[in-house]
Amino acid sequence: MNKKELINSGKVKSVFTSDNPDEVIIEFRDDMTAGDGERKEVMDNKGSYNAIISSKIFKVLEENGIATQFIDLPEPNVMVAKKLEMIPIEVIVRNIATGSLVRKYPIADGTRLDPPVVQMDFKADEYHDPMLNDSLIKALGIATQEEIDILTEKALKINEILTKFFADVGIILVDYKVEFGKDKEGNILLGDEISPDGCRLWDSETLEMLDKELFRKGKDDEVMAAYIEVYNRVIPDDEKVI
Ligand SMILES: Nc1ncnc2c1ncn2[C@@H]1O[C@H](COP(=O)(O)OP(=O)(O)OP(=O)(O)O)[C@@H](O)[C@H]1O
Ligand SMILES: [Mg+2]
């Protein structure tokens, strides 16, 4: 496993080519950002917690029939993954209304959404990730109707699997965001990461937040304890590497 060339440095991860042209090496950095990257802080070991939690979730999803990018986690903050041509859509699934949904629509905070709401946002910080719909996605040439249907179906299946996975460790999966991409054969795979950066996770008993929302609210001194709590609950002791 050799990092070669940096091909993409995002807000929290750096993507490198590797010796294998079909694979990338994703380094999860310790950066935490909010407001399209306007606010940024460094949090000790945050990259490792997110890479380990993401790897565990990708393995659970694979066991349940969802194809993901995951290949290996050779270091706590380094994931080897299939190289994907990313689809610039953030697929968001919401089980409980909160955040931007209650700011923009007349729906009360905490309302249970059954069936879940699937939302697709254009992944483009310069436009502040505007919400898409099927005809806009096609007009922008981002995906075909068949691909939109695949993304929707996969996101809902992931929701079912992860709702149960988190419930088993006393966590409510309130909502989450995923990104997909195409491998060299054109298969649509789950890419990027699934971690407390892109999920809202609430303790089932106390409804305490265990995710990046704490940072968005300025509770910088509480956020790592929340990530570590998620890590401790979802990673069995014999799989803990930090
Ligand atoms: N398997 C993969 N192959 C190629 N690129 C990937 C893969 N998984 C994730 N990426 C991309 O890596 C980039 C870096 O991730 P990060 O989350 O730091 O970026 P970001 O700030 O969300 O995105 P961007 O810089 O694209 O606005 C993202 O653009 C993401 O889409
Ligand atoms: Mg990202």
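The values are calculated or read from the model by the stated rules, or taken from the named source; none is laboratory data. Owing to the predicted nature of the structure, the values given are computational and were not obtained by experimental measurement. Every residue, glycine among them, receives a Cβ derived from its backbone with ideal geometry; neighbour counts consider all protein chains shown. What goes into the accessible areas is simple: the full protein's heavy atoms, side chains included, and nothing from ligands, DNA or RNA. Shrake-Rupley method; radii C 1.70, N 1.55, O 1.52, S 1.80 Å.
Data table
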read-out	value
Cβ-derived FRET efficiency at R0 22 Å, ASN8 paired with LYS184, nearest 0.05	0.80
Nearest-0.05 FRET efficiency for ASN20 and LEU207, computed from C-beta distance (R0 35 Å)	0.20
In range of the label at ASN232: residues from the stretch 157-189 whose backbone nitrogen is under 17 Å from the point 7 Å along Cα→Cβ	169-172
For the stretch 37-98, average projected area of the Cα convex hull in nm²	6.5
Shape category assigned to the stretch 1-156 from the gyration tensor of Cα positions, a/c cut at 1.5	prolate
Label-point gap, in nm, between VAL169 and VAL42 - each point 7 angstrom along Cα→Cβ	2.7
Computed [θ] at 222 nm, deg cm²/dmol, the chain (DSSP H ≥ 4; -39,500 (n - 2.57); rounded to nearest 500)	-9000 deg cm²/dmol
Average projection area in nm² (convex hull over Cα atoms of the stretch 85-221, one quarter of hull surface)	9.5
Long-range tail of P(r) for the stretch 80-126 (Cα pairs > 17 Å, %)	47
For the stretch 176-242, convex hull of alpha carbons as volume per residue, Å³	130
Distance between modelled label sites at LYS217 and GLN145, nm, 7 Å Cα→Cβ extension	4.3
Partners for LYS219 among aspartates and glutamates (Cα-Cα distance below 19 Å; same-chain residues under 8 apart left out)	ASP30, ASP31, ASP36, GLU38, GLU41, ASP44, ASP197, ASP203, GLU208, ASP211, GLU229
Residues of the chain: accessible area per residue with a 1.4 Å probe, Å²	49
Shape box of the stretch 6-82 [Cα atoms, principal axes, largest first, Å]	36, 27, 22
Of LYS46/LYS212; LYS123/LYS212; LYS59/LYS83; LYS11/LYS138; LYS104/LYS138, those spanning more than 21 Å from alpha-carbon to alpha-carbon	LYS11/LYS138; LYS104/LYS138
Exposure rule at most 11 other beta-carbon atoms within 10 Å, DSSP loop GluC sites (Glu not before Pro): the chain longest free segment	39-184
